[in-house]
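Read the structure below first, then the notes.
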C-alpha cells in the first residue's frame with residue numbers, strides 16, 4: 001500500500017515537472033500554434049485574431065495552471081491542429097503504443113533469460129562465443145537502424161510482412177499483433193542482448209560463491225542448484241535492469257513507429273511538437289510518464305516477490 | 001514460485017511470437033475499387049474550407065469541396081456549383097446562376113441561401129477572419145431569386161472569378177455546424193473519417209452533378225518519414241505518391257510508373273533587402289551571375305526542372321515571360337560587380353532553409369559551393385518549419401532563405417503582390433519605386449492586354465534588379481502503381497482523385 005502511495009506521489013511530481021518543462025520549452029522555441037496553423041498566409045491581424053481565439057495571449061502561468069487544472073479533472077483540452085478533443089485522439093492510439101511496448105518487453109525477457117542461463121551453463125563451449133559476439137553486435141546497433149535492416153530483410157527480401165502496412169487492433173487483432181511483431185524485434189534485440197550479458201555475468205559470479213559449493217556438497221543436483229539457488233539470486237540485478245530498460249523501450253517505440261509507419265503516439269508527438277500543439281504534447285508526455293511509472297511499479301512488486309530481503313519491514 | 005513465473009512468462013512470450021508469425025501474411029493491397037495514396041503530412045488543420053490554410057490540406061479538400069467555379073487541369077475556370085455568371089458593366093456586380101440538381105454529400109440540394117452563407121462566411125462577414133484578402137472587397141451578397149446570387153464588390157477586380165474558384169470560397173451547407181471536423185461539400189468525393197497521423201478515408205459521392213469519380217474508396221495514408229516512402233510503395237502498402245524526389249523515383253520497383261510534371265512554384269534564394277549587403281543591387285546581381293542554375297538542376301534532380309528568372313512560373317502562360325537568361329553564369333562579371341559594390345574580397349552571409357524539405361536543402365548546398373568561387377561564403381542554417389514561419393516569414397529576421405513560393409490562386413497578382421513595398425507578405429522587404437508605380441497602374445488598366453503588359457514589366461523589374469537569386473520551377477514526380485492510370489497535373493497545388501482509374505487488365 002505504502003509503495004502504491006509513494007508511486008502515485010512520484011507520478012504527480014513527475015507529471016508536474018515534465019509538463020512544466022514542456023511548457024517552458026514551448027515558450028522558448030520560435031513560433032506558436034497560430035503561426036503553425038496559418039503558415040504563409042499569415043497576416044499580423046489574422047495571427048492576432050487566432051492567438052486570441054486559442055487563448056495564447058494569456059500570461060504563461062495562467063495558461064499552464066488552467067491546463068493543469070483541467071488535466072487533473074480528466075479534461076485534456078482541444079487539439080489546436082485538429083480541432084477535436086485530445087482525449088478522443090489519444091484514446092484510440094493508446095493500445096497501439098502500449099501493445100508495442102509490452103510485446104517488446106516480453107520479447108526482451110523471453111530472449112534474454114533462456115539464452116543467459118544457457119550460455120552461462122555452457123560457458124566454455126566454443127559455440128557460446130558466437131552468441132557473445134552476436135550479442136555484442138546487436139547491442140551496438142541503434143534500434144532505428146535495426147528497424148531499417150529488419151524491414152529490408154523480413155519485409156523486402158522474405159516478404160513476411162508489408163513494409164509500411166498496418167492493421168488497427170479494432171479491425172483484426174491478430175493482424176495487428178503481426179504488424180507489431182517486427183517493430184518489437186527491432187526494439188527488443190539490443191535490450192535483450194544487454195540483459196543476456198548481464199544475466200550471464202551475474203550467474204557466473206554467483207556460482208563462485210560459497211553457498212553454491214555448500215549446496216553441491218550437500219549432494220544437490222546441478223539443475224537443483226542452478227534453478228533453486230543461483231538463478232534466484234542472479235536474477236535480481238537483471239530485474240533491476242529490466243525496470244530501467246522499460247523507459248528506454250517506451251522511448252524506443254516512439255522512434256521505431258517512424259520506421260515502420262505505425263500510427264501510435266510517436267508520430268503524433270512529433271507532429272504535435274512541430275505544430276506547437278501543446279495540449280496534445282502535454283497529454284502524451286503525461287501518459288508516457290504514467291505508463292513508465294505503472295510498469296515500474298509492477299517490476300517493483302515482482303522484485304519483492306522474488307527477493308524476500310526486499311520486502312518491507314525485514 | 002519464481003521459477004514458475006519465469007517459465008509462464010517465457011511461454012507467454014513464445015506464444016505471442018508464434019501467433020504473430022503465423023498471422024503474418026503477404027496481404028498485397030487488392031485492386032478492386034480502392035486506391036491508397038501516400039501523403040507526407042497529415043491534414044493537421046481545420047477541414048472547414050474557409051479556414052484551412054495548409055497547401056497539403058487544400059489539395060485534398062479540392063476533392064470534397066467546390067466553389068461556384070473551379071479550375072480545370074489547364075488552369076481555365078469552369079462552372080461548378082454555378083452554371084454560368086455575368087458581370088455588370090462597371091465590374092462591380094457578379095451574378096451567378098446556380099446549376100440545377102447540385103447536391104451536398106448529406107443529400108440536400110444546394111440553395112441560394114447556402115451560397116450566400118458560404119460566401120459571407122469565407123469573406124469574414126459573419127465574424128472571423130477572411131483568408132483571401134481579395135474577399136474583404138465584397139460589399140454584399142444578395143439572393144435575387146432561388147437560383148441567382150449577386151455578389152457586389154467595393155472595387156472592380158478582374159481576378160475575382162479566380163478567387164471564387166479556390167477551395168477557400170467553397171460552397172458548404174448552412175446547417176452543418178461542424179464544418180471543421182465533419183466536412184460536407186459538393187465534390188466528387190465525400191469525407192468518411194480522419195485518424196490523426198494515420199489516415200483519411202474518402203468515398204465516392206454517387207449523386208455528384210458532373211463526371212463521377214472512377215474509384216470507390218480513396219485512403220490517404222500519412223507517411224511523414226521520407227525514408228519510409230519508397231519502402232511503402234515497393235512493399236505494396238501505398239499505390240500512389242506525389243512530389244517525390246528524383247532519387248526516390250530511381251529506387252522504385254518496376255510496378256510503378258513515374259509521371260513528371262511541374263510543381264508550380266518559384267524556387268529561389270530569397271534575399272532580405274533590408275539587410276546589408278542585399279540593399280545593394282550590384283551585390284544581388286553579382287550573386288545571380290555566380291549561381292549556375294543548370295548545374296543545380298544537374299546535381300539535385302538529374303537535370304529535371306524549369307529554370308525561371310523572375311517570380312512567375314510557366315503555367316501562368318500568357319502572363320509568364322521567360323527571363324531565365326537574364327544572368328548567364330559569368331564568374332568574372334560577378335567578381336567585377338562585387339568589387340564595384342565595395343566587396344572585392346567577398347563577404348559572409350547565411351541562407352536559412354527549412355529542414356523538412358530536402359530538395360531545398362540540397363539546392364542550398366550547391367548554391368553555397370558555387371558562391372565560393374566569387375569569395376562569398378554562404379552558411380546554410382537549417383531550421384524547423386515553424387521556426388522558419390515565425391522568424392523568416394513573419395519576423396523577417398534573416399539574410400537569405402532558399403524556398404519555393406507558390407500561388408494561392410491562379411492569378412498573377414498572387415505571385416507579384418508580395419513585392420510591393422507596403423505588402424503585408426513582402427517578407428523580402430523588396431522596395432522599388434518603379435515596381436510600386438507599375439503595380440498601381442494595374443488598378444487603372446483598361447484592357448486585359450494592358451494588364452498582361454504590366455505583369456510582364458513587373459517580372460522584368462524583379463529580374464533586372466535581381467530581387468532574388470531565381471532558380472527554377474521544380475519538376476514534380478508522381479509514382480503511380482501500374483494498376484492505375486488517369487493521373488492529371490494541374491497548374492495549381494491540387495490532387496484530383498476523381499480522374500484516377502483502375503487499368504483494364
_Expected-Rg normalisation [2.2 N^0.38 Å, Cα atoms] applied to the stretch B:326-429_ = 1.21
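To the nearest whole number, what is the average tally of beta carbon atoms from other chains within 10 Å of the beta carbons of peptide B:381-393?
So the per-residue partner count for this stretch is 5.
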*Could you work out the helix-only [θ] at 222 nm for chain B, with each DSSP H run of four or more residues adding -39,500 (n - 2.57) and the total divided by the number of residues, to the nearest 500 deg cm²/dmol?*
-8000 deg cm²/dmol
*Average projection area in nm² (convex hull over Cα atoms of the stretch A:2-91, one quarter of hull surface)*: 7.0
*Relative contact order of chain A, defined on C-alpha pairs under 8 angstrom at six or more residues apart (%)*: 27
*Taking the Cα centre of each part, how many Å lie between the stretch A:148-199 and the stretch A:248-282?*
18
*Unit Cα scatterers, Debye sum, the stretch B:41-85: log10 I(q)/I(0) for q = 0.19, 0.28 Å⁻¹*: -0.64, -0.99
_Using a 10 Å cut-off around each Cβ, can you sort B:193, B:33 from fewest to most neighbouring Cβ atoms?_
B:193, B:33
*For the stretch A:107-169, divide the Cα radius of gyration by the Kirkwood radius and give the resulting Rg/Rh value with two decimals.*
1.10
*Which whole number of Å³ per residue matches the convex hull of the alpha-carbon atoms in the stretch B:52-202?*
115
*Diagonalise the Cα gyration tensor of chain A and give the resulting equivalent ellipsoid semi-axes, square root of 5 times each eigenvalue, largest first, whole Å.*
45, 25, 15
_Antiparallel versus total DSSP beta bridges in the stretch B:265-473: what percent is that, nearest 5?_
60
*DSSP beta bridge pairing in the protein assembly as shown, given as percent antiparallel to the nearest 5*: 75
*Take peptides B:469-481, B:140-152 and line them up by average Cβ neighbours within 10 Å, highest first, as a rough protection proxy.*
B:469-481, B:140-152
*What shape does the stretch B:299-372 take by its C-alpha gyration tensor, where a ≥ b ≥ c are the square roots of the eigenvalues and a/c under 1.5 counts as rounded, a/b above b/c as prolate, and the rest as oblate?*
oblate
*Can you work out the base-10 log of I(q)/I(0) for the protein assembly as shown at q = 0.08, 0.09, 0.10 1/Å, using the Debye formula on its C-alpha atoms alone?*
-0.80, -0.97, -1.14
*Label chain B by shape, choosing from rounded, prolate and oblate, from the square roots a ≥ b ≥ c of the eigenvalues of the Cα gyration tensor; if a/c is under 1.5 it is rounded, and otherwise prolate applies when a/b is larger than b/c, oblate when it is not.*
oblate
*Give the calculated FRET efficiency between residue A:18 and residue B:195 to the nearest 0.05, with a Förster radius of 45 Å applied to their Cβ-Cβ distance.*
0.95
*Before rounding to the nearest 500, sum -39500 (n - 2.57) across all DSSP H runs of length at least 4 in chain A and divide by the residue total; then give [θ] at 222 nm in deg cm²/dmol.*
-24000 deg cm²/dmol
*Please say if the stretch A:44-197 is rounded, prolate or oblate, where rounded means a/c under 1.5 for a ≥ b ≥ c the square roots of the C-alpha gyration tensor eigenvalues, and otherwise the choice is prolate for a/b larger than b/c and oblate otherwise?*
prolate
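Tell me, what is a quarter of the convex hull surface for the C-alpha atoms of the stretch B:190-234, in nm² with one decimal? Each step should come with its number before you reach the end.
On the way: hull surface 16.5 nm².
Convex hull of Cα atoms, orientation-averaged projection: 4.1 nm².
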*asked:* How large is the direction-averaged shadow of the alpha-carbon convex hull of the stretch B:265-473, in nm²?
replied: 10.7
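Which whole-number percentage describes the relative contact order of the stretch A:95-263, with Cα contacts under 8 Å and a sequence gap of 6 or more?
Normalised by residue count, the contact order of the stretch A:95-263 is 38 percent.
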*Using Cα pairs under 8 angstrom and six or more residues apart, how large is the relative contact order of chain B, in percent?*
19
*When the Cα centres of the stretch A:8-51 and the stretch A:61-124 are compared, how far apart do they sit, in Å?*
22
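Would you mind ranking A:101, B:57, A:240, B:74 by Cβ crowding within 10 Å, fewest neighbours first?
In order of increasing Cβ crowding within 10 Å: B:74, A:240, B:57, A:101.
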*Tell me, B:243, A:51, A:276, A:125 in order of fewest to most beta-carbon neighbours within 10 Å?*
A:125, A:51, B:243, A:276
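Here, each number is a calculation from the coordinates, and none is a lab measurement. Every value quoted in this text rests on a predicted model; they were computed, and no experiment measured them. Every residue, glycine as well, gets a Cβ built from its backbone with ideal geometry; the counts of neighbours run over all protein chains shown.
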